[in-house]
Amino acid sequence: MSSQVISPGSDWTFEIIECYEREIARIAANYNLDTYPNQLEIISAEQMIDAYSMVGLPVGYTHWSYGKQFLATEQRYRRGQIGLAYEIVINSNPCISYLMEENTSTMQALVIAHAAFGHNSFFKGNYLFRTWTNADAIVDYLVFARDYIAECERRHGELEVELLLDSCHALMNYGVDTCRQPYLRSDEEERAKQLAQEQYIEEQYNDLWRTLPVEPNLDRREDNVRFPSEPQENILYFIEKHAPHMDPWKREIVRIVRKMAQYFHPQRQTKVMNEGWATFWHYTLMNTLYDEGFLSDGSMFEFLQSHTSVIFQPGFDDPRYSGINPYALGFAMMSDIRRICESPTEEDRRWFPDIAGSDWLKTMDFAMRNFKDESFIAQYLSPKLMRDFKLFSILDDDTKDHLAVNAIHDEAGYSLIRQELAEQYNVASQQPDIKIVDANRRGDRSLTLAHSRRARRRLDDTADEVLKHVAFLWGFDVRLDEIDEGGKIAVTRETKICAA
Amino acid sequence: MLQVIDRRLNGRHKSAVNRQRFIHRYKQQIRKAVADAITDRSITDTSSGEKISIPTRDIKEPSFRHGRGGSTETVHPGNKEYTAGDTIKRPPSGGGDGRGPNASKDGEGEDDFVFQLSREEFMDLFFEDLELPNLAKTQITRTVEHDSVRAGHTRDGIPASIDIVRSLTGAMARRIALQTPLKRELRSVEEELEALSECDEPDQNRIVVLQDQVQHFKTRIKAIPYVDEFDLRFHNRVLRPRPKTQAVMFCLMDVSGSMDEQRKDIAKRFFILLYYFLNRSYEHIQVVFIRHHTTATEVDEEEFFQSRETGGTVVSSALELMNKIIAQRYPLSDWNIYAAQASDGDNWPQDSGRCRELLVEQILPKLQYYAYVQIAVERQQQLWQEYDAIRAEHPHFAMQTIIERAQIYPVFRELMQKREA
């Protein structure tokens, strides 16, 4: 077999990387992995820190918060508190993966299998990414965003742009559509629409109107129309479109931040699946590579050592515990689906009649394409896996003195645990549910947001800070009602704009 | 389909702009940290940056988040003993249940945000708003002059700079290298020809062939040029900026009995600041240390800061020595001269007037700047009064008192304050 081994030593060369990519691509094709073309980029550790602080993007606009991120990462790296991830992969077409020059040749093979084939095929296949992100255009858009913001800084001053970005960033998580299907508009249509909108707003805003004699009938009719007619979850979108008199360039920047948020949103929703899928495939691909004699025994050990530490899951009482490791859970679930397909137990047949004994490649492909973390866990978390992880559920109710164990990994608890774990990965329910409920268009132009409390969970006090940012963007007074489960307003926070 | 791109050659400092923005935004906090740092900074440490820490709460980015309280359900791995329905004592808030971002708030206290400033960034913040006093001479000499210095050899140049020896050495080596194989062949042909001609019945045809060959090789050997163009080597010369902006800094310190360790330490820090400061503006700085009690001596740095003498104080002795050293070693046309004097203000009563004379008549005209710091509480000493009179007439003479360490920097700033022209 030694004649086949791609890299006998631990140093990599460009030939070795290309050779690994070729072999892995061949094996991946046998497993029907559908990927974007790959672009592997070799970078140094410092560049990796750069990439880290730019949220992994190859191009980014300038903002102090990225500098903060950079300093923090650099400091922790220097002190040896963190090792750098050995890969970053970008959802783009071609799919860009970063390989660190410090990696050994085995690690490069692992990263290629994990990122360039695992994540890559997930980006290309999963419905969220297909619906909400445009891999062909992202790099161009990033370049546009960077240049546009740089141009704005030149024209309007760095400070002005920085303040605007601060405010947008505070609302970044509320710059995302979750329900509406995106209507794909061409760029031109977009511009035309935006222009029309601007004109409309300019026409709407006319101070003279205040002095017009009131026509009671007309007024009542208009007042009855609540605006927006339905609560709006995408706060940044609403501000971009409806802020009473925001400069067009500011609207464009709001839009850029919103687009970035939308681009990243699928990644927040598929952490477990995405990492699980990539980890499952690097494991499978590397094993096949070894079986075919392309990996030396030494490389295989190195790979396994790294793989096991990636999927390590400490228990809740372990000092190293910091929540469930998405790599561990994801990898275990993906492997478990394969197991259920290939060698189902009696229990599996009962829980998963549809997939038990089916073709594992097809089943996994279906799972990868059509789910997000929440629904994926709700659909595929098996009793065996709950037992393996010894999962249990804790109820922490601040009106009670004690924590209560709700359910454990037993027959009575499986369903509840599955349901709760799924909920834990529901991005929409983990972040406070805040919507725009009213924009006063005829009167003081104030904006009202409402937070619907769930399980009596309040907002923490940074909400006041965020509200200031909303008011800064909106340009008029902003109110935030916290509504309890009974539908009553429990707390109202307000930010007044002193002078317009 | 696959593309492998080596990005390592791209810029490594993509985040430099963002880093700069961050520092700019939190300048107030960082400047404070820098000022704190110099108070505790080790004296010999002139080349490193500084670790800066600012409170995390100052740089937080807000977002809508859930606060504490309410009712939450979370799933954890690794159950060993619990069964459904068990109750567990609530761990102290922030304790090990790892429940999201609130956990660390009360548990361990928020860490400061710590990062490293580079030396340049540190210095820039440190000296912000300060301008080197009396920069006139520096400004004039800023126009950099160049010296042409030898720097090895190149393959092209003007005929005047041909290095003949090196060119011919190379040519000879090339000739030997190219001729040797030909000569070897020629020799073998000639030998064969000779053998043939000694033969009884020479093969005439063969002789003709061989003679042709001899001719052929001779022509080829001849064709190898004696000196070829690529043998030529030229002297290479590069322009190196000639440092004109050089400065000498005189450190004068009283080491008489009344200067205790603490006072000396303050003086030391003050000198260091001045050194940093000059370091930014001059390419070459020499430092002359003069210590004095009743007599003055020039010493090295270590001795300057460590020795301690007893006895009285005669300040003029140090000034005289400084004047002498300037005259001997530092011609005014080449040097910018700065002096800083630290003392506790004690002086032999009859000497203070002499000091003033010396300074005004001899020394100050030669100097860019003279800074006097008195490390003592009481001001009304004779030396101070005499110096005070000088200050009125000479704008490049400055004086201040320092009582404790933390004052060094403010006083230094004040002394070196930007002056109105």
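In whole percent, how big is the carbon plus sulfur part of the accessible area of segment A:379-485, probe 1.4 Å, protein atoms only? Roughly 45 percent of what the probe reaches on segment A:379-485 is carbon or sulfur. Here chain A is assigned +1 on the Cβ of each Lys and Arg and -1 on the Cβ of each Asp and Glu. Its dipole about the Cα centre then comes out at about 920 debye.
Placing unit charges on each Cβ (+1 for Lys and Arg, -1 for Asp and Glu) gives chain A a dipole about its Cα centre, and among A:Cys19, A:Leu163, A:Val405 the Cα reaching farthest toward its positive end belongs to A:Val405. For A:Leu171, nonlocal amide neighbours, meaning residues 5 or more places apart or on other chains whose placed amide H falls under 5 Å from its own, do not occur. Dipole check for segment B:247-416: with +1 at the C-beta of Lys and Arg, -1 at the C-beta of Asp and Glu, and the Cα centre as origin, the magnitude is about 340 Debye.
Sequentially through segment B:15-24, phi angles give Karplus couplings (6.51, -1.76, 1.60; θ = phi - 60°) of 8, 4, 4, 5, 4, 4, 4, 4, 4, 4 Hz, Gly and Pro residues having no value and appearing as x. Hydrophobic long helices, here whole DSSP H runs in chain A with Kyte-Doolittle means of at least -0.5 and Cα atoms spread over 27 Å or more along the helix axis, are found at A:271-291.
Take every pair of alpha-carbon atoms less than 8 Å apart whose residues are at least six positions apart; their mean separation over the length of chain A yields a relative contact order of 15 percent. The calculated FRET efficiency for the pair B:Tyr226 and B:Val165, based on their C-beta separation and a Förster distance of 22 Å, comes to about 0.90.
Mean per-residue shielding of peptide A:396-409 is 6, counting Cβ atoms of other chains within 10 Å of each Cβ.
Ordering B:199-206, A:384-391, B:320-327, A:397-404 by mean Cβ neighbour count within 10 Å, with the highest value first, yields A:384-391, B:320-327, A:397-404, B:199-206. Note on the protein assembly as shown: Cα-Cα pairs beyond 40 Å make up 62% of the total pair count. Based on alpha-carbon centroids, what's the gap between segment A:302-381 and segment A:435-471 in Å, whole number please? Taking the Cα centre of segment A:435-471 as reference, the centre of segment A:302-381 is 39 Å away. For segment B:159-236, the Cα gyration tensor yields ellipsoid semi-axes of 40, 10, 6 Å (square root of five times each eigenvalue, largest first, whole Å).
At a 1.4 Å probe, which residues in segment A:426-461 are at least 30 Å² less accessible with all protein chains present than in their chain isolated? In segment A:426-461, residues shielded by partner chains: A:Pro432, A:Ala455, A:Arg457, A:Arg458, A:Asp460. Coupling constants for segment B:159-176 follow from the phi torsions by the Karplus curve (6.51 cos²θ - 1.76 cosθ + 1.60, θ = phi - 60°), and in residue order they are x, 4, 9, 5, 8, 5, 4, 5, 5, 6, 4, x, 4, 5, 4, 5, 4, 4 Hz; glycine and proline get x. Per residue, chain A exposes 45 Å² of solvent-accessible protein surface, assessed with a 1.4 angstrom probe and all protein chains in place.
Judged by the mean number of other Cβ atoms found within 10 Å, the most tightly packed of the peptides A:243-250, B:148-155 leads the ranking A:243-250, B:148-155. Since only B:Ile207, B:Pro181, B:Ile164 are under comparison, the one whose Cα sits farthest along the positive direction of the charge dipole of segment B:159-236, derived from C-beta charges on Lys, Arg, Asp and Glu, is B:Ile164. Put simply, the amide H of A:Ser7, placed in the peptide plane, has neighbours under 5 Å in A:Ser296, leaving out anything fewer than 5 places away on its chain. Around the amide H of A:Gly56, modelled in the peptide plane, lies no amide H under 5 Å away from a residue 5 or more places distant or on another chain.
Beta-bridge orientation, segment B:247-416: approximately 15 percent antiparallel, per DSSP, counting only bridges with both partners inside.
Rounded to the nearest 20, the size of the Cβ-charge dipole of the protein assembly as shown about its Cα centre is 1480 debye, with Lys and Arg at +1 and Asp and Glu at -1.
Counting only Cα atoms, the size of chain A along its three principal axes is 92, 57, 43 Å, in decreasing order. If R0 is taken as 56 Å, the Cβ-Cβ distance between B:Glu404 and B:Leu239 corresponds to a FRET efficiency of 0.65.
Shown in residue order for segment B:364-372 are the 3J(HN,Hα) couplings computed by the Karplus curve 6.51 cos²θ - 1.76 cosθ + 1.60 at θ = phi - 60°: 3, x, 8, 9, 7, 6, 9, 10, 10 Hz (x for Gly and Pro). Rounded to the nearest 100, the interface formed by chains A and B buries 7200 square angstrom of accessible surface, both chains summed, with a 1.4 Å probe.
With contacts taken as Cα pairs under 8 Å and at least 6 residues apart, segment B:247-416 reaches a relative contact order of 25 percent. Taking all Cα pairs closer than 8 Å and separated by 6 or more residues, the relative contact order of segment B:159-236 comes to 61 percent. Between A:Val59 and A:Ala192, what FRET efficiency comes out of the Förster formula 1/(1 + (r/R0)^6) with R0 = 30 Å and r the beta carbon distance, rounded to 0.05? After rounding, the FRET efficiency stands at 0.65. Surface composition of segment B:159-236: carbon and sulfur atoms hold 55% of the protein heavy-atom accessible area at a 1.4 Å probe.
Calculate how many DSSP beta bridges within the protein assembly as shown are antiparallel, expressed in % of all such bridges and rounded to the nearest 5. The answer is about 55 percent antiparallel. For the peptides B:70-76, A:108-114, B:399-405, A:268-274, residues were scored by their other Cβ atoms within 10 Å and the scores averaged per peptide; the highest-first order is A:108-114, A:268-274, B:70-76, B:399-405.
The values are calculated or read from the model by the stated rules, or taken from the named source; none is laboratory data. Note that the structure is predicted; figures quoted are calculated from it, not measured. Note: ideal-geometry Cβ built from the backbone for every residue, glycine included; neighbour counts use all protein chains shown. Side chains are part of the model used for accessible areas, which takes the heavy atoms of the whole protein and leaves out ligands, DNA and RNA. Shrake-Rupley method; radii C 1.70, N 1.55, O 1.52, S 1.80 Å.
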